[in-house]
Amino acid sequence: MASQIRSKPTYLKRKRRRRINWGVLIPLLVLLFAIGYGATTLVLKWMEPEEVVYEYSLEGLTVEESKALLSNANIEDGEYKLSDYVLYGESLTLYAGMYDLGVKDPLLGKSIMCRNLSTGSEYVFYLGNKLDEGIPIYELPVGVYEVYVSSLMSNERMYMEKETFEEFYTVTRKGVNHRFSLIADTNYFYSDDETLNLEKPYLYFMVEDAELPAEYYDIIIDPGHFAYDCYADSCYGYIDNGSVTNNGKFIESEAVYDVSLVVAKELALAGLKVTITRDDVTPVDMYGVGGRVHKSITNKSKYFISNHLNAINDTRVHGAEVWHSAYASTTFAETILNSLVDNTILVASGNIGGGNPIPSVISSTVSTSKYGKPFDGFMMIREPGGKGTCAGQLSEAAIEHNGPFLEGVNYGANALLIEYIYMTNKNDAANWEANYESYGKAVAKGIIDYLKLDFYDNDFIEEQE
Ligand SMILES: [Zn+2]
């Protein structure tokens, strides 16, 4: 048993076994006649079940059938050793070696097959190079799965180098959350029966309907700025309000707070559990315990949206941009930008950044500097990203202030940074007040579309079949 395993499963069907010891009971019944009613209480005491055995059974299967399945490694065509895993948003990637930025793992580009032990259904996922191109954990239906690395030729059963147990939650879709447990243990299901021990900690995924714990959130909205520290990994020591134009009347930190409230409200109306990194009264730092990254990591937000307005010397530059991690695909950012452009008066800024394939959908600048690894330069994309973006490991401020609470964390939020407009452009600035609400609604719509919030809707599932 892994020491990190906190609880035995209590949620699947179990059978209760009552044992009555007839060899004791029959003579006792005779005795009952002999000595009359006075012995009744004694007999009742003896009739109490001497042992209650709780045993594990898979949905639709008997305990014996389940035991046969769960105590068999089912090594079809060999075994495949895993060393590490990362959850980014709701995308789970498995690694043959230890995860590190810029290291190409041999598992990337391979297919993972999850076999449901109750139904035999097989679900195949391709592991892409990007953090958001792993196994979408919300797509696996409720059940217990064996996990294989799969090809046309073979299915190799996966096991973890070390015993592992970790629970993740999906975001709320139509009122439903799934708890996704990654289990690698020689005997998770029958720990009181040593005859059922597996040789190695083979990997299982267990998916259950579960209520999202009170302290967890689906998504966190970050109104940029209004902090004592800043985005460039150093501290100002005074409150940073972002860009300020129009003779001090147009203040980025205030404007992005307004639009953040719109985004948060729309997402809550769509059934998501939403929180926000700050209000408009108390400045909240990015780094450190109690800061924005800390909040996102401890409440296990799956998505992190940082709202900003841009500024540049060239006042002709205008329009919207969405920035994403250099280690994530463009998909999420592109969905948001499309929604902004399709549903509001905004245009894409046309910024082609460092040669990004889609103008205005921009990869967070990769910086190598003195840390020797290429990492996301935008700390508000890198640090909420957790393990996948090596949060708390690069840059002195991140190591000092975020490193301690990110230690041992295997997950992180899929983080985007939205620059709605250029405050330095006359039209963009003039249109803000009358239109920011439509901008916020469009961003929320993009998020809702990206998250497929109707995924557990029956109509949607039928359509897919
Ligand atoms: Zn900003």
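Return yes or no: is GLU252 more than 16 Å from the ligand (Cβ to nearest atom) and modelled with pLDDT of 95 or more?
Spelling it out, it is not the case that GLU252 is more than 16 Å from the ligand (Cβ to nearest atom) and modelled with pLDDT of 95 or more.
Out of region 306-323, which residues are surrounded by 24 or more Cβ atoms within 10 Å (Cβ to Cβ) and either away from the ligand (no atom under 16 Å from the Cβ) or among the hydrophobic types (A, V, I, L, M, F, W, C) (or both)?
LEU309, ALA320, VAL322, TRP323
(1) closer than 24 Å to SER243 by Cβ; (2) modelled with pLDDT of 95 or more; (3) hydroxyl-bearing (Ser, Thr, Tyr): which one isn't true of TYR411, the others all being true?
It is condition (1) that TYR411 fails.
Checking ILE221 against (1) under 23 Å from VAL274 (Cα atoms); (2) in a loop (DSSP other than H, G, I, E, B): exactly one of these is not met. Which one?
Against the list (1) under 23 Å from VAL274 (Cα atoms); (2) in a loop (DSSP other than H, G, I, E, B), ILE221 comes up short only on (2).
Take the residues of region 364-392 that are part of a loop (DSSP other than H, G, I, E, B) and of a type in the set (Gly, Ala, Ser): which is nearest to LEU131 (Cα to Cα)?
Once the filter is applied, the top-ranked residue is GLY385.
Being more than 18 Å from the chain's Cα centre (by Cα) and within 26 Å of ILE336 (Cβ to Cβ) is the filter; apply it to region 396-416 and report the residue that is surrounded by the fewest Cβ atoms within 10 Å (Cβ to Cβ).
Within region 396-416, the match that is surrounded by the fewest Cβ atoms within 10 Å (Cβ to Cβ) is ALA398.
For region 255-286, how many residues meet the condition of being away from the ligand (no atom under 16 Å from the Cβ), in a loop (DSSP other than H, G, I, E, B) and touching a residue at least 24 places away in the same chain (Cβ under 8 Å)?
4
Residues in region 332-351: is at least one among the aromatic types (Phe, Trp, Tyr) and more than 26 Å from ASP218 (Cβ to Cβ)?
no
Given the conditions (1) closer than 24 Å to THR119 by Cα; (2) buried (at least 19 other Cβ atoms within 10 Å of the Cβ), and given that LEU196 satisfies all but one, which numbered condition is not satisfied?
All conditions are met except number (2).
Looking at (1) surrounded by fewer than 20 Cβ atoms within 10 Å (Cβ to Cβ); (2) in contact with a Ser or Thr (Cβ under 9 Å, 6 or more places away or on another chain); (3) free of Cβ contacts under 8 Å to residues at least 40 places away in the same chain, find the lone condition where TYR123 falls short.
It is condition (2) that TYR123 fails.
Looking at the structure I just gave you, is TYR188 among the hydroxyl-bearing types (Ser, Thr, Tyr), modelled with pLDDT under 95 and crowded, with 22+ Cβ neighbours inside 10 Å?
So TYR188 fits the description; yes.
Do we find that ASN402 is of a type in the set (S, T, N, Q), part of a loop (DSSP other than H, G, I, E, B) and under 21 Å from GLY89 (Cβ atoms) in this structure?
So ASN402 fails the test.
Identify the single condition in (1) away from the ligand (no atom under 16 Å from the Cβ); (2) assigned by TED's automatic domain parsing to the domain that holds THR277; (3) modelled with pLDDT of 95 or more that PRO223 does not satisfy, given that it satisfies every other one.
Here PRO223 clears every test but (1).
Could you give me the residue pairs with C-beta distances under 7 Å whose first residue belongs to region 157-177 and is free of Cβ contacts under 8 Å to residues at least 24 places away in the same chain and surrounded by fewer than 22 Cβ atoms within 10 Å (Cβ to Cβ), whose second residue is of a type outside the set (Asp, Glu) and assigned to a loop (DSSP other than H, G, I, E, B) wherever it lies, and which are 6+ apart or on separate chains?
Close Cβ pairs (under 7 Å, with a partner that is of a type outside the set (Asp, Glu) and assigned to a loop (DSSP other than H, G, I, E, B)) do not exist here.
Filtering region 202-218 down to residues that are in a strand (DSSP E or B) and touching a Ser or Thr at 6+ places or on another chain (Cβ under 9 Å), which residue is farthest from the ligand (Cβ to nearest atom)?
TYR202
Go through region 81-106 residue by residue and tally those that are surrounded by 21 or more Cβ atoms within 10 Å (Cβ to Cβ) and either among the hydrophobic types (A, V, I, L, M, F, W, C) or assigned to a strand (DSSP E or B) (or both).
Counting residues in region 81-106 that are surrounded by 21 or more Cβ atoms within 10 Å (Cβ to Cβ) and either among the hydrophobic types (A, V, I, L, M, F, W, C) or assigned to a strand (DSSP E or B) (or both) gives 9.
The values are calculated or read from the model by the stated rules, or taken from the named source; none is laboratory data. These numbers were taken from a predicted model, which means no experiment stands behind them. Please note: Cβ atoms are built from the backbone with ideal geometry, for glycine as well, and neighbour counts cover all protein chains shown.
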